[in-house]
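This report refers to the structure that appears directly beneath it.
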Amino acid sequence: MAGLCSKSVALDLLLLLLLVALSSFLSCSAELRRLDHPLKNDGSLSLLVIGDWGRKGAYNQSEVATQMGRIGEVLDIDFVISTGDNFYEDGLTGVDDKAFEESFTSIYTAKSLQKPWYAVLGNHDYRGNVAAQLNPILRRIDNRWICMRSFIVNAEIVEFFFVDTTPFVKKYWIDPEDDHYDWRGVAPREKYISNLLKDLHQALKESSAAWKIVVGHHTMRSVSDHGDTQELLTLLLPILKSNEVDLYINGHDHCLQHISSKDSPLQYLTSGGGSKAWRGVFTPNADKLRFFYDGQGFMSLQLTKTNANVAFYDVFGRVLYKWSMDKQLDKEM
């Protein structure tokens, strides 16, 4: 078993080296779809981040949604980011699946939340009909819904790079147990990941935004139930560090976390407390843990060209933790 694991890591490292070699020959822009989102008149941006939520209101999903609406109004948010696992347990069955309305439209009803929702797919979404979540027909049902595999949202001072992380995780391919994963449009895995990383690397390299933020479903660093995702540490993390990405935002673990990299400015932020939580697991890792809450809640992010302000809230809307970074001074506050 140890020999197989070593061979697997070696193949992943080879894939990364090939990617870096190929990227040096590229002169054209990356192929990720780009969307533009305007800033406020004062040049700022405000948003909420929620993950692992779609349970038709159960497990306090409705209560978290109520507080999101309240905080969203106070902060005058511009949009919402969903870090995946949008519909439990097995995604959507099709574009006519009532779970879309029962878990999304009928839950996030506050006026402040009637803004674009930029969403990535999680592993539970891949257990259903992935094409349904990606289908523009859902926008006719609820025009807030914007979901793609990987894409970029450009808001002038910041670019958000949304990354489809589920195909990275090998166990979903080779040992899915009783689960079925919808790999249409993704297989073969190695080619899909290679192309995605090549495009992401080029897009990050060409970005002139003051802030570079990458959003994915899976944890990169986590002290909770799922822990670190080794495939992301091997393949994705070097690209983030080499391109000076500021934040990696994810869900997957049903908690709220802030972890700082010990060898780079990169910050890991987990917002996966949209519904079912309380796993009772804590396993420290090599990086610096700044905040961990094993429960339900969500995150806010406020940005100007020089400042980032993060806050985590619990199911009652109480502020659990705040953190800020000053880009101009290039140090944490």
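Brief remarks on what is shown
- Helices meeting the span-like rule in the chain (full DSSP H runs, Cα extent of at least 15 Å along the helix axis, mean Kyte-Doolittle score of -0.5 or higher): 2-23, 61-75.
- Three-way shape call for the chain based on the alpha-carbon gyration tensor, with the a/c threshold at 1.5: rounded
- Taking amide H as placed 1.01 Å from N in the peptide plane, the amide H of Val215 sits under 5 Å from that of Phe161, Phe162, Val163, Ile249, each at least 5 places away or on another chain.
- Prolate/oblate/rounded call for the stretch 54-167, Cα gyration tensor, a/c under 1.5 rounded: oblate
- Neighbour counts of other Cβ atoms within 10 Å put Thr229, Thr304 in the fewest-to-most order Thr304, Thr229.
- Loop-located GluC sites (Glu not before Pro) across the stretch 161-251 with a Cβ neighbour count of 13 or fewer within 10 Å are Glu177, Glu244, with loop assigned by DSSP.
- Per DSSP, loop chymotrypsin sites (Phe, Trp or Tyr not before Pro) in the stretch 199-288 with at most 15 further Cβ within 10 Å: Trp278, Phe282
- Sorted by Cβ neighbour density within 10 Å, fewest at the top, the residues Leu121, Leu303: Leu303, Leu121
- For the stretch 86-206: relative contact order, % (alpha-carbon pairs under 8 angstrom, 6 or more apart): 24
- Relative counts (whole %) of C-alpha pair distances in the stretch 102-232, using bins that are 10 Å wide: 11, 36, 37, 16, 1
- Each Lys and Arg Cβ is given +1 and each Asp and Glu Cβ -1; about its Cα centre, the chain then shows a dipole of about 400 debye.
- Among Ile137, Thr219, Ile152 the positive-end extreme of the charge dipole of the chain (Cβ point charges): Ile152
- Exposure proxy order (Cβ contacts within 10 Å, fewest to most) of Phe316, Phe291, Phe151, Phe87: Phe316, Phe291, Phe151, Phe87
- Relative contact order of the stretch 29-332, taken over Cα pairs closer than 8 Å and 6 or more residues apart, is 21 percent.
Every number here is computed from the coordinates shown, using simple stated rules; none is lab data. These figures come from a predicted structure and were not determined experimentally. Positions of Cβ are backbone-derived with ideal geometry, glycine not excepted, and every protein chain shown enters the neighbour counts.
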